[in-house]
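Single-structure report; data block below.
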Amino acid sequence: MNTNSVRFSRKDSAQFFKTLNKRVNDYFKENKLKKTGNWRLHLKTIIMFALFLTPYFLILTLGLPNWANLLLTMVMGVGMAGVGMNVMHDGNHGSYSNKKWVNKLMGSSIYILAGNVYNWQVQHNVLHHTYTNIHEHDEDMEAGRILRFSKHAEWKKHHRFQHFYSVFLYGLLTFNWAITTDFQQMYRYMKRKLSYGKLPSPAMNWSTLVITKMLYVTIWIVLPLVLLDIAWWKVLLGFFIMHYVAGVILSVVFQLAHIVDHAETPLPDENGNMKNTWAIHQLFTTVNFGTKNRIVNWFTGGLNHQVEHHIFPNISHVHYTKISKIVKQTAKEFNLPYHEYKTTREAIISHFRHLKELGRQPSLQY
């Protein structure tokens, strides 16, 4: 994968992005608003951390029966996904606050979610946001040989059933972070000298990874084993269930924005040139869903407003509902697509229908 081989067009004769950017900037100026988070995000941060951590302390201190502990680990999974989508995500995009140290602190919450800041910023901010839905460049589109997320990916016989088994694999997302993915990614990214900002020292980067992983294991596995009078396998089972719940939520939210019928997967030409500018490319490769649903808007951290997020990743998600009207109207004026599913249910159906289509043998697809 050579990210230098892809170049987006610089020709936007209609000046779509220039017009859109001015309108969005004018919205913030006229309403005297900052583009970063506000009290709504701060309140949500408290709620999400409470969902994530309160059950943990209840399990460690109250000596609850097994069924109660099981339910609490599931709540922790919901809270884990909530912290990831609402707090960590904005922090690592630099949109949580106008203070760098606050963004760094909130972005560092990924360490108690099993991830790593450096890896996440490279995979998400650099590869995914720059090369959205481009095969072999956007790693979020890669699922090894188990799942086929793009018509350009190699087809295997087992893909015929991926619309059935995929959801069971989605739950392994954050569990894999904790066990193997971070080590593999760091080796790969450091070797390619990829970074979001200044390239960190290899020694410092690896030391941070090892130390944070040790702290993570201590918090989520060692302490429960020491403090709880229960079998070791129950602790590991609870750990797995927490991750599985979070993994399903996070994976599905991502898939509904990119692996659906409306989202295109364009490729560069033989010279590495993309047809559209970067901003217009985002309109073709991202999809909104359930934007009228207040619960979905609130819980997903605005990730259901994927169009707005991809064009303006440095604007906090608490503003997406408002600026979406500007983005949609501007896209319409310039005769550009603005893809959205009215409900989350529609998006889910589209995702699994799309997986089924991608699972068909290529010679039978077209």
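Some values worked out for this structure:
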quantity: Segment residue 215-residue 203, length gained on full extension (0.36 nm per residue, minus Cα span); calculated: 2.5 nm
quantity: Percent carbon-and-sulfur accessible area, the chain, ignoring ligands, DNA and RNA, probe 1.4 Å; calculated: 63
quantity: Whole-Hz ³J(HN,Hα) from phi, Karplus 6.51 cos²θ - 1.76 cosθ + 1.60, for the range 41-51, glycine and proline x; calculated: 5, 5, 5, 5, 4, 4, 5, 5, 5, 5, 4
quantity: For peptides 199-209, 301-311, sequence by mean Cβ density within 10 Å, most packed first; calculated: 301-311, 199-209
quantity: The range 223-366, relative contact order in percent, only Cα pairs under 8 angstrom and at least six apart counted; calculated: 26
quantity: Dipole moment magnitude, nearest 20 debye, the chain about Cα centre, only Lys, Arg, Asp, Glu C-beta charged; calculated: 720
quantity: Set of aspartates and glutamates with alpha-carbon distance to residue 356 below 20 Å, sequence-local pairs under 8 removed; calculated: 140, 142, 154, 261, 264, 346
quantity: Kirkwood-based Rg to Rh ratio, the range 1-152, C-alpha trace; calculated: 1.07
quantity: Calculated diffusion of the range 5-52, Stokes-Einstein form, Kirkwood radius summed over Cα pairs, 10 °C and 1.306 mPa s, µm²/s; calculated: 112
quantity: Within the range 127-145, backbone nitrogen closer than 13 Å to the virtual label 7 Å beyond the Cα of residue 10 toward Cβ; calculated: none
quantity: ³J(HN,Hα), Karplus 6.51/-1.76/1.60, whole Hz, each residue of the range 167-175, x for Gly, Pro; calculated: 4, 6, 7, 4, x, 8, 3, 6, 4
quantity: Å² per residue, accessible surface of the chain at 1.4 Å; calculated: 50
quantity: Relative packing of 315-327, 41-53, which averages over residues the other C-beta atoms within 10 Å, highest first; calculated: 315-327, 41-53
quantity: Rel. contact order, % - alpha carbon contacts under 8 angstrom, at least six apart, the chain; calculated: 25
quantity: Between helix 202-217 and the chain: long-axis angle, C-alpha atoms, 0 to 90°, nearest 10; calculated: 50
quantity: Debye, to nearest 20: dipole size of the range 247-336, +1 on Lys, Arg Cβ, -1 on Asp, Glu Cβ; calculated: 540
quantity: Electrostatic dipole magnitude of the range 1-146 [Cβ: Lys, Arg +1; Asp, Glu -1; Cα centre; debye, to 20]; calculated: 820
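The values are calculated or read from the model by the stated rules, or taken from the named source; none is laboratory data. Given the structure is predicted, the values throughout are model-derived calculations rather than measurements. Note that each Cβ is placed from the backbone with ideal geometry, even for glycine, and that neighbours are counted across all protein chains shown. Quick note on the areas: whole protein, heavy atoms, side chains included, nothing else; ligands and nucleic acids left out. Shrake-Rupley method; radii C 1.70, N 1.55, O 1.52, S 1.80 Å.
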